[in-house]
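Scroll down for the structure; my scribbles are underneath it.
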Amino acid sequence: TTIQSEDSVSDNSILTTDVSTKNTQITKQTVKQDEKSDGEANFDDLYNDLQGTSDITLNKDYKHVDGDHGFISINENKIINGAGHTINSGNINLFTVNTTSTLTLKNLKINSEGTLSSNVIKVNGNLICDNVTFDMENTNIASTSNAIIRHDTNYANSTITNCTFENIAGTVGAVDAYRFGHLEVDDCTFKNITSKNAAIRIYNGNADYM
């Protein structure tokens, strides 16, 4: 029969406690990662997920919160397949598409909330939207120049197909081709648009549209 000393028993108890605590910590970390992959992500995550790839399919929803990454600048050709997920841009600009770049959005839901301080998507390059729903139900569009999609330069081109725009107030409307670019809208639905300039504004200038 082996009889443990008081010191050895005490040491074993401490060791057991340490292992138990470490196991608990590991379990908590694993659960946190699973929750994130299931859909709780912010704009830091969105920005990081979009880096290093030209074609991405989303596997979670994203929501902007105070203190994380601001609007995302598109400086290269990029395809984002939302796979039915939602991006909530809060009250900020979501994407700015820069000159010579093409952003393709498909199978995606986009909304905002609070007082929108900018356009949701600023187009200086090329935008393609296919089966995207823009729902601004919980949004107050503050500025008279803000729209959901806005052309900012004469390089702006947008092709919008099979999309839905709903619950949009403010002045400009859902889409604002402000003097510049080419705009093509096909098989889209506009619901509960109370903007002064209706669903689409073609401002005086050289905008082509069809």
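Over the alpha-carbon set of segment 56-142, work out the extent along each principal axis and list the three values in angstrom, largest first.
Result for segment 56-142: principal-axis Cα extents of 31, 26, 22 Å.
If Lys and Arg each add +1 and Asp and Glu each add -1, what is the summed charge of the other residues whose beta carbon sits under 15 Å from the beta carbon of Ile79?
Charge balance near Ile79 sits at -2.
Amide H of Gly181: which non-local residues (sequence gap of 5 or more, or other chain) have their own amide H closer than 5 Å, using H built in the peptide plane?
The answer is Ala156, Asp208.
Please sort 81-87, 67-73, 154-160 by packing, taking for each peptide the average over its residues of neighbouring beta carbons within 10 angstrom, highest first.
154-160, 81-87, 67-73
Checking the table Lys60/Lys106; Lys106/Lys196; Lys63/Lys109; Lys109/Lys191; Lys109/Lys196; Lys78/Lys122 against a 18 Å threshold on Cα-Cα, which pairs fail?
The answer is Lys106/Lys196; Lys109/Lys196.
Once amide H atoms are built 1.01 Å from N in the peptide plane, which residues 5 or more positions from Lys63, or in another chain, come under 5 Å H to H?
Counting only residues 5 or more places away or on other chains, the set is Ala41, Asn42, Phe43, Asn88.
Give, rounded to the nearest 20 debye, the magnitude of the charge dipole that segment 81-210 has about its Cα centre when Lys and Arg contribute +1 at Cβ and Asp and Glu contribute -1 at Cβ.
Computed charge dipole of segment 81-210: roughly 240 debye.
Could you give log10 I(q)/I(0) at q = 0.16, 0.20 Å⁻¹ for segment 70-210, computed by the Debye formula over C-alpha point scatterers of equal weight, without solvent?
These q points yield log10 I(q)/I(0) values of -0.73, -1.24.
Between Asn77 and Thr171, what's the calculated FRET efficiency when r is the beta-carbon distance and R0 is 41 Å? Round to 0.05.
0.80
Out of the total accessible area of segment 62-210 (probe 1.4 Å, heavy atoms of protein only), what percent is carbon and sulfur?
Carbon with sulfur: 42 percent of the solvent-accessible area.
The values are calculated or read from the model by the stated rules, or taken from the named source; none is laboratory data. Quick caveat: nothing in here was measured; it's all calculated off a predicted structure. Glycine also receives a Cβ, built like all others from the backbone with ideal geometry; neighbour counts cover every protein chain displayed. Calculation scope for accessible area: heavy atoms of the full protein, side chains included, ligands and nucleic acids excluded. Shrake-Rupley method; radii C 1.70, N 1.55, O 1.52, S 1.80 Å.
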